[in-house]
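Report on the structure given below.
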Amino acid sequence: IGLAKAVQGRYSEGGSNLDYLTWKANFLKEYFWTTIKTRLSKAHSKSGKQYLGHWIKTGVHPLLTELNKQWYQPKKIVPFELVEKYLTPFSLAIWFCDDGCMDKHGAFLYTMAFTTQEVEWLSSLLLNKFGISNSILFNKKRQPFIRISSEGKNMLKEIIAPFKIPGMEYKYL
């Protein structure tokens, strides 16, 4: 019988998002032992440039191990029951801060790591749970992502507005 791999949380952000990463680390500290480190990346192979980055790491925890089993099977998937149960206005704000952006015509959630069927389900969930109208587009690699209409953008802004997340103010415009 094989033993399950113990899992810790890891997350990184670019140099300009230190406020957001600090906020996220402080949030996680309520539940897990957590560290945050800042360092320069290795030199880029072509340009030689180095970039400032920030990394959060948590301690190993049985909950993280269980969530990892649900989310990565063996590749990243959408754990439908988990998302449906815990997609709240607050978690939508975090999802948007991590994977979204707005422009003058609408907003986007970048879901390219998921299958078309998973993104269709997420799209439906946004509409049914929050009333956010949206459609699915594909990038040049045929990876699906969610485009939120201008009407849906206004609904999204209204839903996430109560959650003032440091460093992410620019995403709410």
Original post:
In region 19-54, how many residues are modelled with pLDDT of 90 or more and either charged (D, E, K, R) or under 16 Å from the mean Cα position of the chain (by Cα) (or both)?
Top reply: 14
Subject >> Within region 129-143, tally of residues that are open to solvent by 40 Å² or more (accessible area, probe 1.4 Å) and hydroxyl-bearing (Ser, Thr, Tyr) >> reply: 1
**OP:** Can you give me the number of residues within region 76-102 that are within 18 Å of PHE138 (Cβ to Cβ) and acidic (Asp, Glu)?
**Re:** 1
Subject >> Criterion (open to solvent by less than 30 Å² (accessible area, probe 1.4 Å), of a type outside the set (Asp, Glu), in contact with a helix residue (DSSP H, G or I) (Cβ under 7 Å, 6 or more places away or on another chain) and more than 17 Å from TRP71 (Cα to Cα)) met by exactly one of LEU87, LEU126, LEU109 >> reply: LEU109
**OP:** For region 134-142, indicate whether the set of residues that are without any contact (Cβ under 8 Å) to a residue 40 or more places away in the chain, in contact with a strand residue (DSSP E or B) (Cβ under 8 Å, 6 or more places away or on another chain) and part of a helix (DSSP H, G or I) is non-empty.
**Re:** no
**OP:** Working only within region 17-55, note down all residues that are of a type outside the set (Phe, Trp, Tyr) and free of Cβ contacts under 8 Å to residues at least 12 places away in the same chain.
**Re:** ASN26, LYS29, GLU30, LYS42, ALA43, HIS44, SER45, LYS46, SER47, GLY48, LYS49, GLN50
Original post:
Going by the conditions given, is LYS104 free of Cβ contacts under 8 Å to residues at least 12 places away in the same chain and within 26 Å of GLY14 (Cα to Cα)?
Top reply: yes
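The values are calculated or read from the model by the stated rules, or taken from the named source; none is laboratory data. Being a predicted model, the structure only gives us computed values, none of them experimental. With ideal geometry, Cβ positions are generated from the backbone for all residues, glycine too; neighbour counts draw on all protein chains shown. With ligands, DNA and RNA removed, areas are computed over all heavy atoms of the protein, side chains included. Shrake-Rupley method; radii C 1.70, N 1.55, O 1.52, S 1.80 Å.
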